[in-house]
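What follows is a set of notes on a single structure, which appears directly below.
The values are calculated or read from the model by the stated rules, or taken from the named source; none is laboratory data. Computed from a predicted structure; not experimentally measured. Here the Cβ positions follow ideal geometry from the backbone for every residue, glycine too, while neighbour counts run over all protein chains shown. Surface areas here come from the heavy atoms of the whole protein model, side chains and all, with no ligands, DNA or RNA. Shrake-Rupley method; radii C 1.70, N 1.55, O 1.52, S 1.80 Å.
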Amino acid sequence: MLTIQNLHVSVEGCPILQGLNLEVKAGEVHALMGPNGAGKSTLAAVLAGKEGYEITEGEVLFEGRDISELSPEERSHAGIFLAFQYPVEIPGVSMIQFLRAALNAHRAAKQQEPLDTAELMALLREKAALLKLDPAFLSRSVNEGFSGGERKRAEIFQMAVLEPKLCILDETDSGLDIDALKIVSDAVNALRSPTRAFLLITHYYRLLQYIRPDVVHILVEGRIMRSGGPELAVELEEKGYEALLSTA
Amino acid sequence: MQPIEEDVLARHFSREYEWGFESDIEQEYAPKGLNEDVIEFIWTKKKEPPFMLDFRMRAYRAWRDMREPHWLNAYYDPIDYQEAYYYAAPKSISQNRPRSLEEVDPEIRRIFDRLGIPLHEQEILAGIAVDAVLDSVSVATTYKEKLAKMGIIFCPISEALENYPDLVKRYLGSVVPYNDNFFAALNSAVFSDGSFVYVPKGVKCPIELSTYFRINARNTGQFERTLIIAEEGSYVSYLEGCTAPRRSEHQLHAAVVELIALPNSYIKYSTVQNWYPGDKEGRGGVFNFVTKRGIAHENAKISWTQVETGSAITWKYPSVILKGDNSIGEFYSVAVTNNYQQADTGTKMIHIGRNTRSRIVSKGISAGKSNNTYRGLVQVLPSAENARNFSQCDSLLIGNTCGAHTFPYVEVKNPSAIVEHEATTSKIGEDILFYCNQRGIPTQEAVELIINGYCQEVLANLPLEFAVEAKKLLAISLEGSVG
Ligand SMILES: Nc1ncnc2c1ncn2[C@@H]1O[C@H](COP(=O)(O)OP(=O)(O)O)[C@@H](O)[C@H]1O
Ligand SMILES: [Mg+2]
């Protein structure tokens, strides 16, 4: 589904990703771990098409297609979703209005008619229940006054609504208490399917106890230094980055 | 939030002003320019009662001795008042006022159809009574009989002068005196039509009363005059909408609106202003220099809501004189400026009575090379024991070439008053746009969504059909300003 070859990315002339390779197949869950500043969010931003991230070398293929020329919304329509590390507030715009616009943009890209209000509300209520969110939450402004944990849950809720193919979760587990972590993990597990892939960016082994990854990667200074099975995360938990990488 | 880089602001106004069509209607004019003879001409043409000649003449003389003000935070070239016509009326109307919709000139009907004004009977049943003012003369006032049964008067002010001269005489100029300011004096001297509303004691007007203004003739100013009287315990909601054809020269629109809210009454006044804003280079467009003021007696409430998207220059401060104890004044405003538009708008809340309350919510949105100023005065007089005011003035900038300014004046002469002011300035940042884009929402649509959210508190105060129209206008006036 996602093939990244020798990816080099600079931000404001400063090289951040330096020869990153990654292959994610449909149905798989990959965990991406690494110290602060390693370039994890940079990778997420590049995949989502954020402006200002310059690919200086290498390529990113999504379903066999080079996506570097696609706008962020085209990538979204193609099925790439990013659960943000720091979701922004949109004052005065309710979650219903926001997701109506998002869903209908996705539908328009597929030459489908917009959803009517009844269909929309039914869908939103169903997905809110999956995240154990009170339906009243749908009428609140997007992320406005949400606690850190609520924001993260709201991101996964949006993901459930948009049903993407590639789900990138950037530190979704940070700031979640244990109950919320369980809710989010249950929702992600429920969304796992043979046609969908996940890239979980995390610092914590904790999340991976709930969502079992197929592959674990360790990103350091813009490069994947090690990849392995779930046991790699256990080893990292025991040794820490420095010791882990020096034994490699 | 990060500001949007200037180079991201590429396209401006991909859509042109949609309401700029011109119509070919034969007009009857007063002689060009302004002098005592012209005043008398207008008075004679309109067959007004004698007190009106006196009112107009006093206003004219006061105006003649005043100087054109330029203190606003915007620039306009001095206007040559002798180059304009102060009375222009479609011939078919001024010669013979239509009695029913069927008698209205088909060309005029076509204009209003293009404006989407519900003049037809079916649409009237939808619940809006419309008084349509084309240049200077009211074309047709619908729904009149239904209202008349409840004792509500809703008619062109010229008709009110004919049928209810005592009511007009009693209240005209009582809130905005004939010599209040330069443009109000000019209006008092030359106004030729506008709307009149009278709601009797205890009556709640069951429908929204609505007026559409349109400037059509060339070189005419539009000076409409609106007078709304809500008797004790009554309620009325009034809407005005405006458009003008595209012209390369500026057109002056100097209206006066007076609201009288008697004890325990409530007047809700909503405006969606979409006068021609001028072209992308700042040529042409309407000068919207308007005086709007209401007086609230005991326990009465006046609420102004305005969505200002049009005009080359918008210069107005809908105000409330909180005279009676426990009276309430509200001002909800969205002012959008793009390209070379300039707006200097806000409100005045004058607290005189005890326990008076006022609330101000102003949202300024600037794009292009425009300039958007909020100017407001909250005045608490010594008599206003326990007065309360809350003001929220927010500015939103799109791009780096526009300006936003806030001048909140506060004068408190009673120590028991509590006056609160909050202000924010923000930009539509890349982060929020990227967030929307990532969810599949294209930038233009994202901007509309963000703007509507930003204006939510104001738009929520508009009657539903107007809110829909206002949202469309916001979208159109900012189209192409981002991305
Ligand atoms: N907009 C930016 N401009 C310059 N440097 C940046 C920018 N964003 C991130 N960086 C730098 O890129 C590196 C990687 O950042 P990031 O991808 O956020 O790391 P991670 O998510 O792994 O903690 C860091 O050194 C950070 O300081
Ligand atoms: Mg990060």
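Considered as a group, the residues in region A:210-247 that are open to solvent by 70 Å² or more (accessible area, probe 1.4 Å), part of a helix (DSSP H, G or I) and modelled with pLDDT of 90 or more include one that is farthest from ligand 2 (Cβ to nearest atom), and that residue is A:E231.
If you filter region B:398-419 down to residues that are under 18 Å from B:V458 (Cβ atoms) and touching a strand residue (DSSP E or B) at 6+ places or on another chain (Cβ under 6 Å), you find that the one that is surrounded by the fewest Cβ atoms within 10 Å (Cβ to Cβ) is B:P408.
Here is the figure for region A:32-55: residues that are part of a loop (DSSP other than H, G, I, E, B), among the charged types (D, E, K, R) and either near ligand 1 (Cβ under 7 Å from one of its atoms) or surrounded by 19 or more Cβ atoms within 10 Å (Cβ to Cβ) (or both) total 1.
Table: residues versus (1) acidic (D, E); (2) over 18 Å from the mean Cα position of the chain (by Cα); (3) more than 11 Å from chain B (Cβ to nearest Cβ); (4) within 26 Å of A:M1 (Cβ to Cβ).
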position: A:L82; (1), (2), (3), (4): no, no, no, yes
position: A:A102; (1), (2), (3), (4): no, no, no, yes
position: A:L138; (1), (2), (3), (4): no, yes, yes, no
position: A:F146; (1), (2), (3), (4): no, yes, yes, no
position: A:I156; (1), (2), (3), (4): no, no, yes, yes
position: A:K165; (1), (2), (3), (4): no, no, yes, yes
position: A:E171; (1), (2), (3), (4): yes, no, yes, yes
position: A:D179; (1), (2), (3), (4): yes, yes, yes, no
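For region B:452-474, a residue qualifies if it is in a loop (DSSP other than H, G, I, E, B), more than 9 Å from chain A (Cβ to nearest Cβ), of a type in the set (A, V, I, L, M, F, W, C) and over 15 Å from the mean Cα position of the chain (by Cα), and exactly one does: B:A460. Being within 16 Å of ligand 2 (Cβ to nearest atom) and of a type in the set (G, A, S) is the filter; apply it to region A:43-76 and report the residue that is farthest from the chain's Cα centre (by Cα). Out of the qualifying residues, it is A:G52.
For the structure I just gave you, tell me whether A:Q18 is part of a strand (DSSP E or B) and either farther than 20 Å from A:T195 by Cβ or open to solvent by less than 40 Å² (accessible area, probe 1.4 Å) (or both). It is true that A:Q18 is part of a strand (DSSP E or B) and either farther than 20 Å from A:T195 by Cβ or open to solvent by less than 40 Å² (accessible area, probe 1.4 Å) (or both).
Restricting B:N371, B:N386, B:N437 to residues that are open to solvent by 10 Å² or more (accessible area, probe 1.4 Å) and at positive phi narrows the list to B:N386. Looking for something in contact with a Gly (Cβ under 7 Å, 6 or more places away or on another chain) and away from ligand 2 (no atom under 16 Å from the Cβ) - is there at least one such residue anywhere in region A:77-90? The answer is yes, given that some residue of region A:77-90 is in contact with a Gly (Cβ under 7 Å, 6 or more places away or on another chain) and away from ligand 2 (no atom under 16 Å from the Cβ). Only a single item in (1) open to solvent by less than 50 Å² (accessible area, probe 1.4 Å); (2) at pLDDT 95 or above; (3) more than 30 Å from A:E12 (Cα to Cα) is not met by A:G149, and it is number (2).
Among the residues making up region B:403-451, a single one is more than 7 Å from chain A (Cβ to nearest Cβ), aliphatic (A, V, I, L, M), within 18 Å of A:V142 (Cα to Cα) and not in a helix (DSSP H, G or I): B:I428.
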